[in-house]
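Reading through the structure tokens given below for one structure.
The values are calculated or read from the model by the stated rules, or taken from the named source; none is laboratory data. As the structure is a computational prediction, the values presented were derived from the model and not from experiment. A quick note on method: Cβ atoms are made from the backbone with ideal geometry, for glycine too, and the neighbour counts reach across all protein chains shown. Side chains included, ligands, DNA and RNA excluded: accessible areas come from the protein's heavy atoms. Shrake-Rupley method; radii C 1.70, N 1.55, O 1.52, S 1.80 Å.
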Amino acid sequence: MAERAPVWHLYVPKFVTTLRHGYGVADLRRDLIAGLTVAIVALPLSMALAIASGAPPAVGLHTAIVAGFLISLLGGSRVQVGGPTAAFIPVVFGVIANYGYDGLIMATLMAGIMLILAGLLRLGTLVRYMPQPVITGFTAGIAVSIFSSQIKDLLGLDITTLPAEFFERWQSYYANIGSINLAATGLAFGTLALLIVMRRYRPNWPAFLIAVVVASLATMLFKLPVETIVSHFGPIPREFPMPHLPNFELARMHELLPSAFTIAFLGGVESLLSAVVSDGMIDGRHRSNCELVAQGVANTASAMVGGLPATGAIVRTATNVRAGARSPVAGMAHAVFILLFVVIAAPLANQVPLPAMAALLLIVAWNMSEIERIRQLMRSPIGDRMVLIVTFVLTVTVDLTVAVQVGVVLAAFLFMHRMSEIVALESSVDLVEHDEDDFNDVKGVDERATLPADVEAYRVSGPLFFAVANRIEDVLRAFGRPPRVFILRLRQVPMIDASGATAIGNLVARCRRDGVALIFTGLQTQPARILADMGINPDGTTLRYADDFAEALTMLAVADTTAEKA
């Protein structure tokens, strides 16, 4: 048996392994172009996220520079781009409101240490066990919180201190509705309309940057009476802050522990979800524990320069991939380009109007809401729907930490209830097991031997639920080359939940993309109903159903005969 690789291999950054496998001038050129493209997207977004969090816009830029560079340099994903993200807005806003900005620095530093420890303890893979309704619930809740936080700047309301709590915030809006600024409202909705039009007709244009430039020019040209970055926060400094450590007080650290845990949890989940998305786009494989260590180092460094919490940014990562990024150099380059902007052209951002930034964040909130995913999950079993709704409501009205804790506990109880209703369930069965190699005539014939060379078959045994659903998506990665036909034997799957159905849907989409014909055999009543309810149905080409393995082989024979005649 081959010796296992040393554990430290799991913590070698993708930057190092990419260089070891060969890196040329052409790769560098593509990475620099991708880095510049991402920087154009990240520049206005980083300032907007900082403003929405209750911090000066320069802080968002510093976070994008320091954390963005370190996440790419040390991370376990080849194309991940990091920085401040919208997911942190309600958390950061609440910490600043309750503990001041010094409290946020301490909480971010503590969260960074937690993430490093989580990576060293190899806890990264545990994120895979997060149920899909919980993830979608708190993500949509964060989107609503972001929308709620932008009404002040969107309407130009005269509110000195905006409450952090959801209901109190809307009471404040109602009490100050008479101070609405029509110029600010018109500028905000004009910017929003411009973003929507560009998203519809020019999706490849840097919409955020164009909208901010147009809004700034309109503000100066027409001398609109609206707040700008310079009037509200002062000029953006060109100087970069020097690293320093906050004062460590045990009582203060104990007080900030729940906030630090929330930041660490959200940073870890968001970064690994972004890494999974990037894996799907480049057909790669990230190292989750290495990624957590990198996130921890990045957040620690961000706190030392007075920055915000940071994590992997899904939108910027997707932009990076579409721009042709080949390695972590692209993410590092994006941070360098933002640094050059701060040093050379920071005064250009001083006239950016705050209503335009609010319009940007409304688009960000809409993108985060995952409406289509919510619609799909709302067709799932009633228990999964309740987990989604409860997590969403608690995220909006109470707290993200409470929402996730309650959501996971509810999902666990729901799973246990489902298991109690299944009477014929084998235990200690691997999720995906190959047909056994059979040398004993008493045991029957090796069915796998009857398959052609370009056909693969796997059997799934046991319930396909959130804790194991992710392994379904790893099946096709096990093959060096995608097979022509893939048979998935599901007779021993008595139950499937929303996460399992989502994984099956992703498998179908991947097979469709790779030109692989997929056949499900022995699908039981409950899994068939859930798949149908969530829009996964046989189409006669990419996906077909067969009653048993023998019928699947007959389908193959008929298809091959038809192909030969053609």
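Details
- Here Arg529, Arg491, Arg484 are screened, and the one residue that is in contact (Cβ under 8 Å) with a residue 40 or more places away in the chain and over 27 Å from the mean Cα position of the chain (by Cα) is Arg491.
- Filtered residues of the stretch 345-357 (kept if touching a residue at least 12 places away in the same chain (Cβ under 8 Å) and assigned to a helix (DSSP H, G or I)): Ala346, Pro347, Ala349, Leu354, Pro355, Ala356, Met357
- Listed by position, the helices (runs of 4 or more DSSP H) contained in the stretch 192-304 that have at least 1 residues being under 20 Å from Tyr99 (Cα atoms) and under 24 Å from the mean Cα position of the chain (by Cα) are 250-282, 288-304.
- Qualifying position, being touching a Cys at 6+ places or on another chain (Cβ under 8 Å), of a type in the set (Ser, Thr, Tyr) and open to solvent by less than 40 Å² (accessible area, probe 1.4 Å), among Thr521, Thr542: Thr542
- When Phe392 is tested against (1) among the aromatic types (Phe, Trp, Tyr); (2) out of contact with any Gly (no Cβ under 8 Å at 6 or more places or on another chain); (3) surrounded by 23 or more Cβ atoms within 10 Å (Cβ to Cβ), only condition (2) is not met.
- If you check Ala207, Ala218 for being within 19 Å of Ala349 (Cα to Cα), in contact with a Lys or Arg (Cβ under 9 Å, 6 or more places away or on another chain) and not aromatic (Phe, Trp, Tyr), only one passes: Ala207.
- Segments classed as helices (runs of 4 or more DSSP H), wholly inside the stretch 79-172, with at least 3 members that are closer than 30 Å to Arg322 by Cα: 89-120, 132-149
- In the stretch 320-348, the residues that are closer than 17 Å to Ala310 by Cβ, open to solvent by 10 Å² or more (accessible area, probe 1.4 Å) and in contact with a Ser or Thr (Cβ under 7 Å, 6 or more places away or on another chain): Met332
- Yes/no for Ala325 being of a type in the set (Gly, Ala, Ser) and assigned to a helix (DSSP H, G or I): no
- Residues satisfying the stated conditions in the stretch 197-213, i.e. surrounded by 15 or more Cβ atoms within 10 Å (Cβ to Cβ) and either among the aliphatic types (A, V, I, L, M) or at pLDDT 95 or above (or both): Met198, Ala207, Leu209, Ile210, Ala211, Val212, Val213
- Scoring Leu19 on the criteria (1) open to solvent by 50 Å² or more (accessible area, probe 1.4 Å); (2) under 24 Å from the mean Cα position of the chain (by Cα) leaves a single failure, condition (2).
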